[in-house]
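Reviewing the structure listed below.
The values are calculated or read from the model by the stated rules, or taken from the named source; none is laboratory data. Only a predicted model underlies this, so the values are computations on that prediction, with no experimental measurement involved. Virtual Cβ from ideal backbone geometry, glycine too; neighbours counted across all protein chains shown. Heavy atoms of the whole protein, side chains included, go into the accessibility calculation; ligands, DNA and RNA do not. Shrake-Rupley method; radii C 1.70, N 1.55, O 1.52, S 1.80 Å.
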Amino acid sequence: MVLYLTSRDIPTAYVFQLIGFYYVMSVLLEYPTGVIGDYYSHRLSVFWGYIILAISYILLSFSGGILFYGITLFLLALGGSLVSGSDNALLYTASNNFKKDFSQVKTYGIIITFIAVSIGGFVSAIDLRIPLYLTAIFLIWAAILVIATKIKAKGKTDGANIFSFGKEGIKYLFRSKQLLNIMMVSALVGAFFFSFKWLYNPLFLELELNVASWGILIGIATLLIAGGVKFYEKFSRLNIVLMALVLIGSVLVIGITLPTVALFGMFISHFMRGYLETKLTVDMNEAITESMRSSILSLKSLTIRVGAVIFMSVSGFLLDKTSIAIIMFASVLAFIVVGGYPLYRIMKFEKKQIVIS
C-alpha cells in the first residue's frame with residue numbers, strides 16, 4: 001500500500017498519515033459495527049462489509065488526492081469493521097462443531113493468505129493495481145457466498161434500542177469474569193503479533209540476514225501459524241499456562257542475536273500463536289450468549305488494536321535507544337504482569353469444568 005500510494009504521487013509523509021488515519025478509524029468503528037451485527041443481522045453485516053471492502057479496493061485503483069484516498073481508506077476501515085466479529089458470530093451460528101470448523105477455517109485462511117500474498121508480489125511487478133482488482137473480485141465472490149446461506153441470525157431482543165444494546169455488551173463483558181480473563185489474554189497475544197510484522201525489518205537487519213531470504217522466512221513463520229491451529233485440533237485440552245510459558249520462552253529466544261537461535265524462537269512463537277489464538281477464540285465463543293456475540297468479539301478486536309498501538313509506540317521508542325532483545329524482554333514482562341493472573345483463573349476454570357464433566 002505504501003508503494004502504491006507513493007506511485008500515485010502522494011508524498012511519503014502523507015502516506016503514513018493516511019495509514020495512521022485508517023488504523024484510528026478501524027479502532028473507532030470496531031465496537032459500533034459489532035453492535036450493528038448483533039442488533040440487525042450477522043449475515044447482513046458481513047455481506048455489506050465485503051461489498052464496501054470491494055468498492056474501496058476498486059476506488060483505490062483510481063488516481064486522486066489526499067482527500068480522495070482518505071475517504072477511500074475510511075470506507076476500507078468501515079468494511080473491515082463490519083466483517084470483524086460478525087464473521088465468527090455467523091460461523092458459530094452455522095456450525096454444529098465450532099471448535100473443528102473454526103480451526104479448519106483459520107488453517108485454510110492462513111494458507112490461502114500466504115499464497116495470495118506471494119502471488120501479489122508477482123502481479124504487482126506487472127501493474128500495482130492488479131492486486132486491488134483481484135482482492136475486489138474475491139470479496140464480491142465472498143459476499144455472494146454469504147448472502148446465499150440460509151442462516152437466519154437473531155436480531156435485537158427485549159425491544160432495546162441499539163445504543164442501550166451497545167452498553168449492555170460492555171456490561172455483560174465485565175459481569176462475566178471468565179470472559180474478561182480470556183479477553184485480556186487474547187488481547188495481549190493478539191496485540192503482540194499484530195505488531196510483530198513491523199519488527200521483522202529491524203530483527204532481520206540486526207541478524208544480518210540477506211534481504212532475499214526475508215520473504216521466505218516470513219512465509220515459513222506464517223505457515224507455522226497454521227501448524228499451531230492444526231495442533232490445537234488434536235490437543236485442545238493442553239494446560240493453557242504451560243502453552244503460554246512456551247510462547248513466552250520463544251519470544252525471549254528471539255532476542256538472542258544468533259540467527260539460528262533467534263529464528264528458531266520466531267518460528268516456535270508463531271506456532272504457539274496459532275494454538276493460543278484458536279483456543280482463546282473458541283473458549284470466548286463458548287462463554288458468550290448468542291445476542292452479544294458480535295459485540296464482544298468486536299470488543300476483542302478493539303482491545304487488540306489499542307494494545308498494538310501501545311506496543312508499537314513503546315517499541316519504536318526502545319528501538320531508537322536499545323535493541324530487539326530489550327523489546328522482547330519488555331514484551332514478556334508485560335505479558336506476565338498483565339496476563340499472569342487471568343491465565344491462572346482460566347486454568348482454574350478449565351480444571352473445574354473437567355471435574356464437573
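Determine whether the range 23-33 contains at least one residue that is closer than 26 Å to Ile225 by Cα, surrounded by fewer than 21 Cβ atoms within 10 Å (Cβ to Cβ) and aromatic (Phe, Trp, Tyr).
Among the residues of the range 23-33, at least one is closer than 26 Å to Ile225 by Cα, surrounded by fewer than 21 Cβ atoms within 10 Å (Cβ to Cβ) and aromatic (Phe, Trp, Tyr), which makes the answer yes.
What residue, among those in the range 175-195 that are open to solvent by less than 20 Å² (accessible area, probe 1.4 Å) and either modelled with pLDDT under 85 or β-branched (Val, Ile, Thr) (or both), is farthest from Ile327 (Cα to Cα)?
The qualifying residue farthest from Ile327 (Cα to Cα) is Ile182.
Can you tell me which residue is least open to solvent (accessible area, probe 1.4 Å) among those in the range 80-103 that are polar (S, T, N, Q), farther than 22 Å from Tyr31 by Cβ and out of contact with any Asp or Glu (no Cβ under 8 Å at 6 or more places or on another chain)? Give the derivation first.
Filtering the range 80-103 for residues polar (S, T, N, Q) gives 81, 84, 86, 88, 93, 95-97, 103.
Then keep just the ones that are farther than 22 Å from Tyr31 by Cβ; that gives 95-97, 103.
Filter once more, so that each one left must be out of contact with any Asp or Glu (no Cβ under 8 Å at 6 or more places or on another chain): 96-97.
Working: Asn96: 161, Asn97: 77 Å².
So the residue we want is Asn97.
Given the criteria modelled with pLDDT of 85 or more, within 30 Å of Tyr31 (Cβ to Cβ), hydrophobic (A, V, I, L, M, F, W, C) and open to solvent by less than 10 Å² (accessible area, probe 1.4 Å), does Met266 qualify?
Numbers: modelled with pLDDT of 85 or more: yes; within 30 Å of Tyr31 (Cβ to Cβ): no; hydrophobic (A, V, I, L, M, F, W, C): yes; open to solvent by less than 10 Å² (accessible area, probe 1.4 Å): yes.
Criteria not met by Met266.
Hey, among the residues in the range 66-79 that are touching a residue at least 24 places away in the same chain (Cβ under 8 Å) and surrounded by fewer than 21 Cβ atoms within 10 Å (Cβ to Cβ), which one's farthest from Leu28 (Cα to Cα)?
Ile66
Only residues that are under 24 Å from Ile220 (Cβ atoms) and of a type in the set (A, V, I, L, M): list them for the range 113-133, please. Don't jump to the end; show me each part of the working.
We begin by selecting, within the range 113-133, every residue under 24 Å from Ile220 (Cβ atoms); these are 113-125, 131.
Once the filter is applied, which keeps residues that are under 24 Å from Ile220 (Cβ atoms) and of a type in the set (A, V, I, L, M), the range 113-133 yields Ile115, Ala116, Val117, Ile119, Val123, Ala125.
Looking only at the range 254-263, filter to residues that are hydrophobic (A, V, I, L, M, F, W, C) and more than 15 Å from Ala221 (Cα to Cα); which one of those is least open to solvent (accessible area, probe 1.4 Å)?
Start the filter on the range 254-263 by keeping residues that are hydrophobic (A, V, I, L, M, F, W, C), which leaves 254, 256, 258, 261-263.
Imposing the further condition that a residue be more than 15 Å from Ala221 (Cα to Cα) reduces the set to 256, 258.
On the way: Ile256: 76, Leu258: 104 Å².
Filtering the range 254-263 for residues that are hydrophobic (A, V, I, L, M, F, W, C) and more than 15 Å from Ala221 (Cα to Cα), the one least open to solvent (accessible area, probe 1.4 Å) comes out as Ile256.
Residues being at pLDDT 85 or above, among the hydroxyl-bearing types (Ser, Thr, Tyr) and under 13 Å from Ser26 (Cα atoms): count how many of those fall in the range 294-335.
Here the count works out to 1.
Looking at Tyr4, Tyr50, can you tell me which residue is assigned to a helix (DSSP H, G or I) and open to solvent by 30 Å² or more (accessible area, probe 1.4 Å)? It would help to see each step written out before you state the result.
Values: Tyr4 fails: open to solvent by 30 Å² or more (accessible area, probe 1.4 Å).
So the residue among Tyr4, Tyr50 that is assigned to a helix (DSSP H, G or I) and open to solvent by 30 Å² or more (accessible area, probe 1.4 Å) is Tyr50.
For the range 53-65, which residues satisfy the criterion of being touching a Ser or Thr at 6+ places or on another chain (Cβ under 6 Å) and open to solvent by 10 Å² or more (accessible area, probe 1.4 Å)? Break it down stepwise before answering.
Taking the range 53-65 as the starting set, the residues that turn out to be touching a Ser or Thr at 6+ places or on another chain (Cβ under 6 Å) are 56-57, 59-60.
Scanning the range 53-65 gives Tyr57, Leu59.
Among the residues of the range 31-43, what is the count of those that are over 13 Å from Thr93 (Cβ atoms) and in a helix (DSSP H, G or I)? Give the derivation first.
To start, the set of residues in the range 31-43 that are over 13 Å from Thr93 (Cβ atoms) comprises 31-36, 39-40.
From what's left, in a helix (DSSP H, G or I): 31-36, 39.
Going through the range 31-43 one residue at a time, the tally reaches 7.
Collect the residues in the range 199-214 that are surrounded by 15 or more Cβ atoms within 10 Å (Cβ to Cβ) and in a loop (DSSP other than H, G, I, E, B), keeping them in residue-number order.
Result: Leu207, Leu209.
Collect the residues in the range 7-22 that are over 25 Å from Val123 (Cβ atoms) and surrounded by 15 or more Cβ atoms within 10 Å (Cβ to Cβ), keeping them in residue-number order. Please lay out each step first, then the result.
Of all residues in the range 7-22, those over 25 Å from Val123 (Cβ atoms) come to 11, 13-14, 17, 20-21.
Of everything in the range 7-22, those that are over 25 Å from Val123 (Cβ atoms) and surrounded by 15 or more Cβ atoms within 10 Å (Cβ to Cβ) turn out to be Tyr14, Phe21.
I'm trying to understand the selection: among the residues of the range 131-151, which are without any contact (Cβ under 8 Å) to a residue 12 or more places away in the chain and open to solvent by less than 50 Å² (accessible area, probe 1.4 Å)?
Pro131
Can you say whether Tyr172 is modelled with pLDDT of 85 or more, hydroxyl-bearing (Ser, Thr, Tyr) and either under 16 Å from Trp48 (Cα atoms) or assigned to a helix (DSSP H, G or I) (or both), as far as the supplied structure shows? Can you show your working first?
On the way: modelled with pLDDT of 85 or more: no; hydroxyl-bearing (Ser, Thr, Tyr): yes; either under 16 Å from Trp48 (Cα atoms) or assigned to a helix (DSSP H, G or I) (or both): yes.
It is false that Tyr172 is modelled with pLDDT of 85 or more, hydroxyl-bearing (Ser, Thr, Tyr) and either under 16 Å from Trp48 (Cα atoms) or assigned to a helix (DSSP H, G or I) (or both).
I want to confirm something. Restricting to the range 281-336 and keeping residues that are of a type in the set (D, E, K, R) and touching a residue at least 12 places away in the same chain (Cβ under 8 Å), which single residue is least open to solvent (accessible area, probe 1.4 Å)?
As a first pass, look at the range 281-336 and keep what is of a type in the set (D, E, K, R): 283, 286, 290, 293, 300, 305, 320-321.
Retained after the next criterion (residues that are touching a residue at least 12 places away in the same chain (Cβ under 8 Å)): 283, 286, 290, 293, 300, 305.
Numbers: Asp283: 27, Glu286: 116, Glu290: 55, Arg293: 4, Lys300: 25, Arg305: 52 Å².
Filtering the range 281-336 for residues that are of a type in the set (D, E, K, R) and touching a residue at least 12 places away in the same chain (Cβ under 8 Å), the one least open to solvent (accessible area, probe 1.4 Å) comes out as Arg293.
Which members of the range 96-133 meet the condition of being assigned to a helix (DSSP H, G or I) and of a type in the set (Lys, Arg)? Break it down stepwise before answering.
Within the range 96-133, the first condition is being assigned to a helix (DSSP H, G or I), and the residues that meet it are 98-126, 130-133.
Selection gives Lys99, Lys100, Lys106.
Of all residues being over 21 Å from the mean Cα position of the chain (by Cα) and not in a helix (DSSP H, G or I) in the range 234-248, which is modelled with the lowest pLDDT? Just the residue, please.
In this case the residue turns out to be Arg237.
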